[in-house]
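Some notes on the structure that comes next.
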Amino acid sequence: MSACIQCVGYIYFACITLSTAKGAFPFYRDSKQPGIKIVGGRETIEHRYPFVVNLRINFFGNIFHSCGASIVNEEWVVTAAHCVQNNLEGVLLEVVAGDHNLKLFEGTEQVRKITQVISHKDYNPNSAENDIALLRTHKAFVFRSEVNNLEMAPPDFETSGDVMAIGWGALFSGGKPSDTLQEVTVEVVDDLDCRRSYGDSIKDSMLCAGDKNGGRDSCQGDSGGPLVKQINDTIYLVGITSWGYGCAEPEYPGVYTEVSYFYDWITEMTQS
Ligand SMILES: [Ca+2]
């Protein structure tokens, strides 16, 4: 019986993979895509980033890591719209806060079902524009040292220099998700430079970051997760991992949804 359920789970997963893989562009970074995770990074110190949550599909007890997300407040997390574009997934989605090793129960995890999915109304799956969604949990998180929120970058926030991508995505292109949370430092690439690589696909509401020489990047399975900038003692969410050509390729930075463009929308939607 359990074998059957597992079988159905794999079929479901395969269907999802097929249904999303047919749109090759814009090369989303959720774990349904063949590809990778954080590349050229390192394991984070446990619970150093208490705002990072993992988004998973619980298909009758079969767990699949899907994406990352970040805690906005006790009841809401923010992720990429492409992580939740399938309605069925909304029903099966869970978020886990306070996690570090996905394969171990560490006693700090807070698992929540999702009761409401708000994808941006102008999200365009073909262009990855407005690739942002808010998820409401069935029960508030209990904030403590391992579980907390972070600041959203406000509308006038100018992101430059080094930023950090965090996630459980693949460690190399084509690899499986990582068991432990990883971080990688990348550099912001301005829109003009980024358009030299990707052309008009780069909209003002996207933020590019990478390593000119390649070798450091977010990757498949990191989608929806945070790109952050620390200023003094405050960590700001500046980007949401969205897409990119390959992972850690020279001249092809990662592309992130630029949070400052959506600050007002996030604030409005999460106040109810
Ligand atoms: Ca764990």
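Based on the mean of other Cβ atoms within 10 Å per residue, sort peptides 91-104, 145-158 so the most packed one is first.
Numbers: 91-104: 18.4, 145-158: 16.1.
Highest to lowest by the protection proxy: 91-104, 145-158.
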Packing-based exposure ordering (other Cβ within 10 Å, fewest first) of 266, 63, 240, 45:
45, 63, 266, 240
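Convert 37 °C to kelvin, take the viscosity as 0.692 mPa s, use the Kirkwood radius over C-alpha pairs of the range 58-129 as Rh, and evaluate the Stokes-Einstein diffusion coefficient in µm²/s, rounded to a whole number.
Working: Rh = 13.5 Å.
It diffuses with D of about 243 µm²/s by this estimate.
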Work out the length of the dipole vector of the range 55-176 about its Cα centre, built from +1 on the beta-carbon of each Lys and Arg and -1 on the beta-carbon of each Asp and Glu, and round it to the nearest 20 debye.
580 debye
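Read the figures in this text as sums done on the coordinates, not as results from a lab. Computed from a predicted model, the values in this text were never measured in an experiment. Methodologically, a virtual Cβ is constructed for each residue, glycine included, from the backbone with ideal geometry; neighbour enumeration extends over all protein chains shown.
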